[in-house]
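Inspection log for the structure reproduced underneath, given as structure tokens.
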Amino acid sequence: DISPNHSITLVAIIAAFIGGITSAIILLICGIYPQLVKSQIMTDTHNFLYHWQTLVGAIAALIAAVITTRAISRQTTTAQQTSMKIWEEQKRAAERKALTKLPVALSSIGKYAESQWKSFSDLATKINADEETTLSRELFPDLPHKAIDSLSDVCQHPTDLRLAEDTMNLIRRIQYQEARLEHAIFKNRKLRRTECEEFLLVAAEITTI
């Protein structure tokens, strides 16, 4: 079977070929004009072609050019439509791939939030007992980078706007929690009760989003 692109290309080649052949025939006829005059078989058609050979050749070339241009235009449109279909299919495939990673990512995020909740709950108990509550990175779970990347993929390929919005809010809360935690660790001082309560609140929000 011949594809539409190949058919259109073939039409363009045939049109150009016909235009060239037409011009060659006209030039050939006009080239034997002197012989026709001598043989006294000159007709009105021969005389017309001889005197208007440039115009007739230009018209033939113009017709061939128009046919070729239309064929190329159709070919370009077909190629664009094909490219758009491929892009849409790739987009849908990326969306499906992102969604398949979502359950594992949410599970990792849930474990991360639960571990943070436990760490801050222990610190709250120490605060109540007036014990040492200086923060260190070892007390808290590492940020689940792969899970965050999977959530970002869901936002980049949203099949559901509500889902994408909730996912983006979850990422923001995690980033907010991590930024505050790093800042508190950097200050290297005892954790205040109000700070601990706010950390617990954000950890709870991450779990429930």
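The values are calculated or read from the model by the stated rules, or taken from the named source; none is laboratory data. Given the structure is predicted, the values throughout are model-derived calculations rather than measurements. Positions of Cβ are backbone-derived with ideal geometry, glycine not excepted, and every protein chain shown enters the neighbour counts. Side chains included, ligands, DNA and RNA excluded: accessible areas come from the protein's heavy atoms. Shrake-Rupley method; radii C 1.70, N 1.55, O 1.52, S 1.80 Å.
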Would you check if Ile148 is within 24 Å of the chain's Cα centre (by Cα), within 30 Å of Glu195 (Cα to Cα), surrounded by 12 or more Cβ atoms within 10 Å (Cβ to Cβ) and modelled with pLDDT of 85 or more? yes
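Please determine, by comparing only the residues of the range 58-85 that are among the hydrophobic types (A, V, I, L, M, F, W, C) and open to solvent by 90 Å² or more (accessible area, probe 1.4 Å), which one is modelled with the highest pLDDT.
For the range 58-85, the residue satisfying everything is Met84.
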Matching residues, the range 98-114, being touching a residue at least 60 places away in the same chain (Cβ under 8 Å) and either at positive phi or open to solvent by 60 Å² or more (accessible area, probe 1.4 Å) (or both): Leu99, Glu114
Could you identify the single residue in Leu191, Leu123, Leu201 that is of a type in the set (A, V, I, L, M), open to solvent by less than 50 Å² (accessible area, probe 1.4 Å) and at pLDDT 90 or above? Leu123
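Matching residues to (1) touching an Asp or Glu at 6+ places or on another chain (Cβ under 8 Å); (2) open to solvent by less than 60 Å² (accessible area, probe 1.4 Å); (3) under 29 Å from Arg96 (Cα atoms):
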site	(1), (2), (3)
Glu132	no, no, no
Ser136	no, yes, no
Leu143	yes, yes, yes
Asp160	no, no, yes
Thr167	no, yes, yes
Arg172	no, no, yes
Gln177	no, yes, no
Ile206	no, yes, yes
Being in contact with a Ser or Thr (Cβ under 7 Å, 6 or more places away or on another chain) and of a type in the set (A, V, I, L, M, F, W, C), is that true of even one residue in the range 158-169? no
If you go through the range 178-190 one residue at a time, do you hit one that is free of Cβ contacts under 8 Å to residues at least 40 places away in the same chain, β-branched (Val, Ile, Thr) and over 30 Å from Glu89 (Cα atoms)? no
